[in-house]
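Student: One structure follows; several queries about it will come next.
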Amino acid sequence: MGGAIFNHRGSVNLTNVTMSGNSASGGTVFGNPPYGSGLGAAIFNLNGTVTIQFSTLANNAVSNSTGYATSRGPGDATVYSVAYGNKIENGTASTAALTITNSIITGTVASNGAGNNDVVNNVVVGTHPSNTGNVATLTYTGSNIVGASQNATSTAGATATQNGAPTSNANPLLDVLANNGGPTQTMLPLAGSPAIDTAASCTGANATDQRGIARPQGPQCDLGAVEVALFYTVGGNVSGATSPVGLSLTSSLAPTSQSQTFGNGNFSFTAPLLSGSNWSVTVTTQPAGQFCNVTAGSGTNITSAVTTLLVNCQVPTLDIDNSSPSTKYDAATDGVLLLRYLLGLRGSALTSAALGATAQRNAAQIELYIAASLTAFDVDGDGLTLATTDGLMILRRLLGITNAAAITNGAKNSARSDADVRAAIEALMP
């Protein structure tokens with residue numbers, strides 16, 4: 001009696017509990033067949049109180065039945081509740097109460113004559129003169145999926161009462177017991193399960209399911225111990241790239257990091273994010289000779305698919321602070337920012353008093369922009385981008401000097417001609 005829990009005149013409350021693979025088997029009678037009855041594969045409630053809410057009890061087993069069971073009923077049920085006999089201390093009536101709310105109780109495996117009910121509410125009359133009538137009460141509240149349920153017939157001196165009824169006896173479409181996250185194994189409702197979003201309300205539910213996933217994930221709580229988590233994809237569009245762009249998606253909930261490369265056109269990261277995740281997308285690999293910028297690249301508490309990411313790739317220009325048109329290609333802003341970066345300045349030291357009136361990049365974005373564009377800013381073509389060579393020559397041109405020799409005087413560090421250096425700078429000023 002009670003493959004996992006035997007409750008005698010106690011009080012048991014199950015919330016966010018999965019019970020699977022338990023069994024109750026009847027023993028022999030005087031060492032020989034016929035066999036006694038197995039009662040309550042998961043729970044046997046004897047004259048006590050059991051409350052089951054947002055729990056999943058599935059694929060538990062009972063075996064053997066002769067009618068010789070103490071309850072005088074068949075071997076049966078995953079949950080068996082009985083008001084039996086007399087209170088031992090004074091002979092008065094016994095009571096049993098079983099309440100089931102927004103739960104799944106299904107798949108009782110029966111053998112050797114045992115019954116196939118999932119829930120049984122039984123009552124056995126008392127015989128003591130002080131016993132004025134045993135009462136067993138079964139109450140269904142909310143919504144429940146119960147494969148089969150039996151309420152015993154009341155007799156003189158014994159009353160079996162059922163309030164409400166299971167909402168459904170449909171197959172709940174549960175996956176096998178497995179690690180679905182959290183500290184314990186659970187049985188995840190599969191796609192199309194009638195348990196998903198069908199709780200009458202979330203009243204009585206914990207803020208999270210058995211695994212720690214927030215309830216609800218959809219318009220209403222799911223039945224049973226597991227709230228089916230919703231996942232959403234993150235993606236958008238890449239434009240202007242001359243070769244694939246490396247992008248990284250980080251999130252506050254698993255998966256916490258994933259990196260992929262995408263070419264021009266619509267894209268989406270392979271692994272979707274769990275509902276409620278905070279997320280951010282950054283460029284990890286720039287196409288050769290290009291700078292790619294992410295627009296709308298982060299969000300909090302994701303609740304729907306993201307399709308609005310814009311990754312725009314272009315050949316770098318000397319509009320370092322992206323302040324066009326009023327201070328586009330300006331020595332006092334763009335030229336100073338580039339020179340400071342090449343001298344090793346970062347953060348506020350990089351941008352102090354050097355941003356254009358309409359600058360659209362902050363210090364961190366400018367750092368990323370210059371870092372990704374260093375090859376393009378190597379205007380003398382010596383394989384190095386240095387403050388005293390490339391930075392100085394670019395600043396001279398931004399100051400309005402157009403004479404090629406004056407631009408390169410004492411600063412060029414390669415065999416590239418003065419005219420070619422000037423042309424390389426001006427190519428960065430479309």
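The values are calculated or read from the model by the stated rules, or taken from the named source; none is laboratory data. Computed from a predicted structure; not experimentally measured. No Cβ is skipped: glycine too gets one built from the backbone with ideal geometry, and neighbour counts run over all protein chains shown.
Student: Could you check segment 56-76 and list, in sequence order, the residues that are crowded, with 24+ Cβ neighbours inside 10 Å, at pLDDT 95 or above and part of a loop (DSSP other than H, G, I, E, B)?
Tutor: Asn60
Student: Okay, moving on. Restricting attention to segment 95-106, does a residue exist that is surrounded by fewer than 20 Cβ atoms within 10 Å (Cβ to Cβ) and farther than 22 Å from His8 by Cβ?
Tutor: No: segment 95-106 contains no residue that is surrounded by fewer than 20 Cβ atoms within 10 Å (Cβ to Cβ) and farther than 22 Å from His8 by Cβ.
Student: Let me ask you something else. List, please: which pairs have Cβ atoms under 7 Å, are six or more places apart or on different chains, and start with a residue in segment 402-424 that is farther than 13 Å from Gly391 by Cα and end with one that is charged (D, E, K, R) and in a loop (DSSP other than H, G, I, E, B)?
Tutor: Ser414/Asp380; Ser414/Asp382; Arg416/Asp380
Student: Here's another thing I want to ask about it. Search segment 228-250 for residues being in contact (Cβ under 8 Å) with a residue 40 or more places away in the chain, part of a strand (DSSP E or B) and among the polar types (S, T, N, Q), and hand back the single one that is nearest to Pro172 (Cα to Cα).
Tutor: Selected residue: Asn237.
Student: Any residue at all in segment 412-423 that is of a type in the set (A, V, I, L, M, F, W, C), closer than 18 Å to Ala288 by Cβ and assigned to a helix (DSSP H, G or I)?
Tutor: No, segment 412-423 contains no residue that is of a type in the set (A, V, I, L, M, F, W, C), closer than 18 Å to Ala288 by Cβ and assigned to a helix (DSSP H, G or I).
Student: Ok, one more. Identify all residues within segment 151-187 that are part of a strand (DSSP E or B) and crowded, with 21+ Cβ neighbours inside 10 Å; write none if there are none.
Tutor: Ala158, Ala160, Leu174, Thr186
Student: Report yes if some residue within segment 360-374 is under 26 Å from Ala296 (Cα atoms), of a type in the set (Phe, Trp, Tyr) and either touching a strand residue (DSSP E or B) at 6+ places or on another chain (Cβ under 9 Å) or in contact (Cβ under 8 Å) with a residue 40 or more places away in the chain (or both); otherwise report no.
Tutor: Looking for residues that are under 26 Å from Ala296 (Cα atoms), of a type in the set (Phe, Trp, Tyr) and either touching a strand residue (DSSP E or B) at 6+ places or on another chain (Cβ under 9 Å) or in contact (Cβ under 8 Å) with a residue 40 or more places away in the chain (or both), one finds at least one in segment 360-374, hence yes.
Student: Right, next: Scan segment 194-207 residue by residue and report those that are at pLDDT 95 or above and among the hydroxyl-bearing types (Ser, Thr, Tyr).
Tutor: Thr198
Student: Quick check: is even one residue across segment 264-283 surrounded by 21 or more Cβ atoms within 10 Å (Cβ to Cβ), modelled with pLDDT under 95 and assigned to a loop (DSSP other than H, G, I, E, B)?
Tutor: Yes, segment 264-283 has at least one match.
Student: Take segment 1-17 and flag every residue that is in contact with a Ser or Thr (Cβ under 6 Å, 6 or more places away or on another chain) and assigned to a strand (DSSP E or B).
Tutor: Within segment 1-17, Ser11, Asn13, Leu14 meet the criteria.
Student: Take segment 294-316 and flag every residue that is buried (at least 19 other Cβ atoms within 10 Å of the Cβ) and in contact (Cβ under 8 Å) with a residue 60 or more places away in the chain.
Tutor: Passing the criteria: Ile302, Val306, Leu309, Val311, Cys313, Pro316.
Student: Count, please, the residues in segment 189-212 that happen to be surrounded by 21 or more Cβ atoms within 10 Å (Cβ to Cβ) and either in the same structural domain as Ile302 (by TED's automatic domain parsing) or within 16 Å of the chain's Cα centre (by Cα) (or both).
Tutor: 4
Student: Looking at segment 153-177 only, could you name the residues that are within 27 Å of the chain's Cα centre (by Cα) and modelled with pLDDT under 95?
Tutor: none
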